[in-house]
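Shown next, in structure tokens, is the structure this report addresses.
FYI, it's all coordinate maths here, none of it is from the lab. From a predicted model like this one, the values you see are computed outputs, not experimental measurements. Cβ coordinates were reconstructed from backbone atoms using ideal geometry, including for glycine residues, and neighbour counts include every protein chain displayed.
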Amino acid sequence: MQAPVSTLILGIGNILWADEGFGVRAVEMLHRHYAFPANVSVLDGGTQGIYLVQHVRAAGILVVFDAIDYGLPPGTLKLIEGDSVPKYLGAKKMSLHQTGFQEVLAMAEMLGGYPQHILLVGVQPVQLEDFGGSLRPEVRACIHPAIGAALAWLGKHGIQATLRLRPLPQDQSIAGVEVDMARYEAGRPSEVEACRVGDGRVLACGDYTVVPRPYPLESEALSVDVDHRGKY
């Protein structure tokens, strides 16, 4: 009897930057509402980049949820399969994790553990430059359709999910209580209390100036600093 194919359902992104958190929030919702056979892992990959390579190498089937710049209207859901997945993860980079995951796939292939089947479930973001922000309504509305599309695709590959009678409580989810989306949004400070796009006051005040020095002087200063603090 053939052993079940190892399957990885992965959400990547950064919940600190608004719609960048789509992939993570999608797998959180999936995990809370659906149970899978033992050969299926559901993982919040965050921004771990190359640290995910062993998980990817071990997977015969891979589903990735992510916010992707497809160049489409904001809030558009688009599915990509197979060999086209890496180019969409790196064609229009929005953040460091995308290039990192493109490299994860390349590294997995180099090490001889590339998944046989891959699905990218991506949504076109509405807003990214909002530090501490949550998903915009258009992107949040894509979570359930994205999950449904992924489950349908997995079903074609023999992977069946079971709807839980009751969603898992937050303290048993892969996210944990601390970053529960409702709690995360309710606890967000106002724009007056915390700047959301970077603090222009630092650059505008004139107290912080950069005086470039010739490279030899920079090297000498660095050497002196290292010698002063000890050998490494």
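Fully extending the segment from Leu79 to Gln116 would add 11.6 nm, taking 0.36 nm per residue of separation and subtracting the current Cα-Cα distance. Separation between the Ala3 and Leu16 pseudo-spin-labels, each 7 Å from Cα along Cα→Cβ, expressed in nm? So the two model labels end up 3.9 nm from each other. Taking 7 Å steps out from each Cα toward its Cβ at Thr162 and Tyr51 produces label points 3.2 nm apart.
Over region 7-186, what relative contact order in percent results from Cα pairs under 8 Å that are six or more residues apart?
Computed value for region 7-186: 33 percent relative contact order.
Between Gln127 and Glu185, the distance separating the two model label sites (each 7 Å from Cα on the Cα→Cβ line) works out to 1.2 nm. Determine, from the Cβ-Cβ distance of Ser41 and Leu72 and an R0 of 30 Å, the FRET efficiency 1/(1 + (r/R0)^6), rounded to the nearest 0.05. Calculated value: 0.50.
When each of the peptides 54-66, 75-87, 38-50 is scored by the mean number of other C-beta atoms lying within 10 Å of its residues, the order from highest to lowest reads 54-66, 38-50, 75-87.
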